[in-house]
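One structure coming up, written as structure tokens, with questions to follow.
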Amino acid sequence: NAIIRIENLEKSFITKKNTVTALRDINLTIREGEIFGIIGMSGAGKSTLVRCINYLERPTKGKVFFNGLDMSKLSRRELEKTRQSIGMIFQQFNLLMQRTTIGNICFPLEIAGVPKEEARKRAYELLELVGLKEKDKAYPSELSGGQKQRVAIARALANNPKVLLCDEATSALDPKTTRSILALLKDINARMGITIVVITHEMRVIEEICTSVAIIDDSRIAETGRVDSIFTRP
Ligand code: ADP
Ligand code: ADP
């Protein structure tokens, strides 16, 4: 069952000087429940692809389907709703510095109109899921990188998304912390069945948790398939 399907996608940017084609001939199917990796060097087109998946960028050509819905056909309201079913985490965590751990996790729930007490209860459940209960009242400045990413993961899961997009989520972390965050993502995938899309420039991230992968090189998909069939292991 496809949760994200991309058909003949092309994305070009028109600048004052020239036209930059960041993506071309992109065809991709991400199935429900898998951990899908997108790997490529800097400038390959990964960020642009992520921004097309959540429709922050409109494709120049081609289509993006989310859960069977053609995203180009959605009204602004429907698009907002669809975006709520796509959680995101980033390299730089993007936490609100003036809010505590619990305050950060409650934030998307408040925006969705969840009553305050219910939001707090849900936030504590999520904090337990990411293993950071004792840091409920800490501010981001008091947390390590790995702890900050755990808070960001809890916040991204608050509205029960169908997909979690991870954009270079471990690139600012040391190898040991990277492994613990990847283990957490794997656990969340297994326990909640949520589809995870991992964007990275690091092969070890793909090898550690992904089931399928697309290799992006110079704005095109160079190869795609199951990780065990694409990479031979020693
Ligand atoms: P990656 O995330 O793999 O590093 P990007 O998607 O950020 O790659 O960029 C792919 C290419 O598209 C780069 O050449 C980049 O400069 C260009 N690009 C991305 N966004 C824009 C934009 N808004 N305007 C012009 N060029 C852009
Ligand atoms: P990331 O660090 O996630 O790869 P970038 O730094 O590439 O993100 O891009 C940040 C923003 O700048 C995005 O909105 C992207 O579309 C835009 N951008 C990237 N490259 C260019 C470019 N060459 N010209 C104009 N805008 C760009």
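The values are calculated or read from the model by the stated rules, or taken from the named source; none is laboratory data. Note that the structure is predicted; figures quoted are calculated from it, not measured. Backbone-built Cβ (ideal geometry, glycine too); neighbour counts: all protein chains shown. In case anyone asks, the SASA skips ligands and DNA or RNA and just uses the protein heavy atoms, side chains included. Shrake-Rupley method; radii C 1.70, N 1.55, O 1.52, S 1.80 Å.
Is the shape of region 1-86 rounded, prolate or oblate, going by the alpha carbon gyration tensor and its root eigenvalues a ≥ b ≥ c, with a/c under 1.5 for rounded and a/b larger than b/c for prolate?
Taking the square roots of the gyration eigenvalues as a ≥ b ≥ c, region 1-86 is oblate.
In addition: Given H placed 1.01 Å from N in the peptide plane, which residues other than close sequence neighbours of residue 217 have an amide H under 5 Å from its amide H?
Excluding prolines and chain starts, which carry no amide H, the hits are 222.
Straight-line reach from residue 135: which aspartates and glutamates fall under 12 Å, measuring Cα to Cα and dropping same-chain residues less than 8 apart?
none
Output ³J(HN,Hα) for region 98-113: one whole-Hz value per residue in order, computed from phi by the Karplus curve 6.51 cos²θ - 1.76 cosθ + 1.60 with θ = phi - 60°, and x for Gly and Pro.
With the stated coefficients, region 98-113 comes to 8, 10, 6, 3, 5, x, 5, 6, 6, 3, x, 6, 4, 4, 7, x Hz.
Straight-line reach only, C-alpha to C-alpha below 19 angstrom: list the aspartates and glutamates that residue 46 could link to, leaving out same-chain residues fewer than 8 apart.
Cross-link targets: 7, 10, 25, 34, 57, 167, 168, 202, 207, 217, 218, 223.
Taking amide H positions as placed 1.01 Å from N in the peptide plane, with prolines and chain starts having none, which residues 5 or more places from residue 4, or on another chain, fall under 5 Å of its amide H?
Result for residue 4 returns 30, 67.
Hey, can you rank 217-226, 126-135 by average C-beta count inside 10 Å, highest first?
126-135, 217-226
Given H placed 1.01 Å from N in the peptide plane, which residues other than close sequence neighbours of residue 60 have an amide H under 5 Å from its amide H?
Hits under the 5 Å cutoff: 10, 11, 12.
Let me ask something else about it. Tell me the relative contact order for the chain as a rounded percent, counting alpha carbon contacts under 8 Å between residues six or more apart. Let's see the in-between values first.
Working: 436 pairs, mean separation 65.0, N = 234.
In percent, rounded to a whole number, it is 28.
Short version: ³J(HN,Hα) in whole Hz for each residue of region 161-178, in order, from phi by Karplus 6.51 cos²θ - 1.76 cosθ + 1.60 (θ = phi - 60°), x for Gly and Pro, what are they?
x, 7, 10, 10, 8, 10, 9, 6, 5, 10, 5, 9, 10, 6, x, 5, 5, 4
For the chain, give the percent of accessible area contributed by carbon and sulfur heavy atoms, probe 1.4 Å, rounded to a whole number.
On the way: 5780 of 12020 Å².
Solvent-exposed carbon and sulfur of the chain make up 48 percent of the total.
With r defined as the distance between the Cβ atoms of residue 10 and residue 112 and R0 fixed at 30 Å, what FRET efficiency is calculated, to the nearest 0.05?
That gives a FRET efficiency of 0.35.
How large is the charge dipole for region 89-149, taken about the Cα centre, if only the Cβ atoms of Lys, Arg (+1) and Asp, Glu (-1) carry charge, to the nearest 20 debye?
Numbers: 9 positive and 8 negative charges, 16 e Å.
Computed charge dipole of region 89-149: roughly 80 debye.
I've got another one for you. On average, how much accessible surface per residue is there in region 1-79, in Å², for a 1.4 Å probe, leaving out ligands, DNA and RNA? Mind showing how you got there, number by number?
Working: 4380 Å² over 79 residues.
That works out to 55 Å² for each residue.
My understanding is that a pair violates if its Cα-Cα distance is over 19 Å; which of 81/186; 11/63; 81/137 do that in this structure?
Details: 81/186 26 Å; 11/63 11 Å; 81/137 30 Å.
Listed pairs above 19 Å: 81/186; 81/137.
Could you compute the net charge surrounding residue 199? Neighbours are other residues with a C-beta less than 12 Å from the C-beta of residue 199; K and R count +1, D and E count -1.
Details: positive: 46, 51; negative: 167, 168, 202.
Spelling it out: positives minus negatives among the neighbours equals -1.
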